[in-house]
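The values are calculated or read from the model by the stated rules, or taken from the named source; none is laboratory data. Computed from a predicted structure; not experimentally measured. We place every Cβ from the backbone using ideal geometry, glycine too, and count neighbours over all the protein chains shown.
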């Protein structure tokens, strides 16, 4: 990627929260930034990589990205790491020791929580990591605060030699607002100083660091009490005061502009005295936090009488549509009818794969093979659980398909004794956390067929590069993983490794059918690129000859969204069995000519698109 031209200092720029954090990281003089893609955090590192004078990388997983950042911070330079909320589950092993060693150069860890579950398998609250790891947590409410708090976080990190968590949410990550930016500052790392008693965390050394961590907690609580990031806004309506943080603060201000509010920007350690100050000003205190009752529980433990999740939901965003009725009930007032507008009537469109996605053929084939239990994973291919394939039975976490499949195999009961176990995983997910699971499967003599879907991209988060496609974050050439050699090195027998083109349905079907019968670990690698990246090349599109279409519907079962049903009907077979018919057309303007629909078409009704010239349209009496 080409470096962007730095925006002049004091300029006001429309930025998303992700872009604002990236700008602040660059201005703070950060030397190393690392991450693994994950919505809603992905754009932070993508934007950082466009700035000059720093090093950025897509790491193979979040744990490695944090370890890279730790190494930079140990060397005295400033570092940055970002991930979505579930990514910290992966990185937490490093975090929980980092809290003892501390840092030398500033280290900020941005964690993006997906409040509302727009693109995640759970809705965990990352504020808990601050308490668990004994590190401070900042919570911005908009892009300007995300920018400013990132800069402040580096100052705090270096002063107290502690990493700082910047807790973001989808509402901040992706919503844009005006941000006043500055210039890049120069920050020179002092170099790594050998201190084995601090940086080598064997039990004897770690035990001596724990009291320092607890003293740091005490020091940081005093800092939080005095911090300008925690402030009270007085109001004329004293019936209810609010303690809140992050985007929930914006919702509170919109809903109750005249109420006193304590905004927690530096929320861990919690400033209890500030909270008592707010409580003394009002009749009742309501804690508005997304999503867990974390501050609420801490304040109740301090003896403060507060209200929280008794009246507010434990999931989702706390928008005005949620807050206003809840507070009205609390005050015994008429519950306002919240206008949500008249919903537009649109044709329902469930999540599906892209036109010509290389995963379509895989799931079409799996849907045709009977007697399977299919363990899935995180990625575009998770959509295989949906219609029309219904060919995915589990999805837990990154890389879990391997271990879950082995457990299905080893734990099979009488009802499953004849079932074949299949695991489906993508290239980036395999490199992220799947390799260990496959090694375990081989080591423990599993009977599983693994489908490794190599589409040369981190597809679901926007097609980012990874070690499987031979390009780094800057688009420059990089060593490319050979998956066949890799799985062979992990112990899979060479005769059980197959590389197939997922658009060749007969070959794919035969390979899967044959391998699930073998009582051993097999790996089938599909090798076609994601249709949304530059590696993919379109072919001549197809169309349906209406006169030849029998309505068999075989092409629909492939699941390509370029195929549309034009009319339905029924037919009674000679046996007396009634079958449904579905006559179709292909949206030739988006068809890429992958041939997936052609192969199951029995009557040969699908042919290459032949556009009609304007002259012939006029001759037919049609308008061009």
Give the residues of region 294-312 that are surrounded by fewer than 19 Cβ atoms within 10 Å (Cβ to Cβ) and in contact with a strand residue (DSSP E or B) (Cβ under 8 Å, 6 or more places away or on another chain), sorted by residue number. 304, 305, 307, 311
Are there any pairs with C-beta distances below 6 angstrom linking a residue in region 10-32 that is under 11 Å from residue 51 (Cα atoms) and not assigned by TED's automatic domain parsing to the domain that holds residue 70 to a residue that is surrounded by fewer than 21 Cβ atoms within 10 Å (Cβ to Cβ) and modelled with pLDDT of 95 or more, with the two at least 6 apart or on different chains, and if so which? none
If you scan region 501-517, which residues turn out to be in contact with a strand residue (DSSP E or B) (Cβ under 6 Å, 6 or more places away or on another chain) and either free of Cβ contacts under 8 Å to residues at least 24 places away in the same chain or under 22 Å from residue 529 (Cβ atoms) (or both)? 502, 507, 508, 511
Which one of the conditions (1) touching a strand residue (DSSP E or B) at 6+ places or on another chain (Cβ under 7 Å); (2) modelled with pLDDT of 95 or more does residue 440 fail to meet, given that it meets all the rest? (1)
Which is in contact with a helix residue (DSSP H, G or I) (Cβ under 7 Å, 6 or more places away or on another chain), assigned by TED's automatic domain parsing to the domain that holds residue 63 and either closer than 19 Å to residue 215 by Cα or surrounded by fewer than 17 Cβ atoms within 10 Å (Cβ to Cβ) (or both), of 197, 94, 112? 197
Among residues of region 131-144, those that are surrounded by fewer than 24 Cβ atoms within 10 Å (Cβ to Cβ) and part of a helix (DSSP H, G or I), counted: 4
State whether the residues of region 447-468 include one that is without any contact (Cβ under 8 Å) to a residue 12 or more places away in the chain and out of contact with any strand residue (DSSP E or B) (no Cβ under 7 Å at 6 or more places or on another chain). no
Can you go through 413, 426, 399 and tell me which one is without any contact (Cβ under 8 Å) to a residue 12 or more places away in the chain, in the same structural domain as residue 368 (by TED's automatic domain parsing) and either surrounded by fewer than 24 Cβ atoms within 10 Å (Cβ to Cβ) or closer than 19 Å to residue 497 by Cβ (or both)? 413
Out of 550, 511, sole residue that is more than 31 Å from the chain's Cα centre (by Cα) and assigned by TED's automatic domain parsing to the domain that holds residue 563: 550
Failed criterion for residue 293 (all others in (1) at pLDDT 90 or above; (2) outside the structural domain of residue 282 (by TED's automatic domain parsing) hold): (2)
For region 345-366, indicate whether the set of residues that are more than 30 Å from residue 502 (Cβ to Cβ) and either surrounded by fewer than 18 Cβ atoms within 10 Å (Cβ to Cβ) or assigned by TED's automatic domain parsing to the domain that holds residue 456 (or both) is non-empty. yes
Looking at residue 476, is it surrounded by fewer than 21 Cβ atoms within 10 Å (Cβ to Cβ), in the same structural domain as residue 496 (by TED's automatic domain parsing) and more than 19 Å from residue 37 (Cβ to Cβ)? no
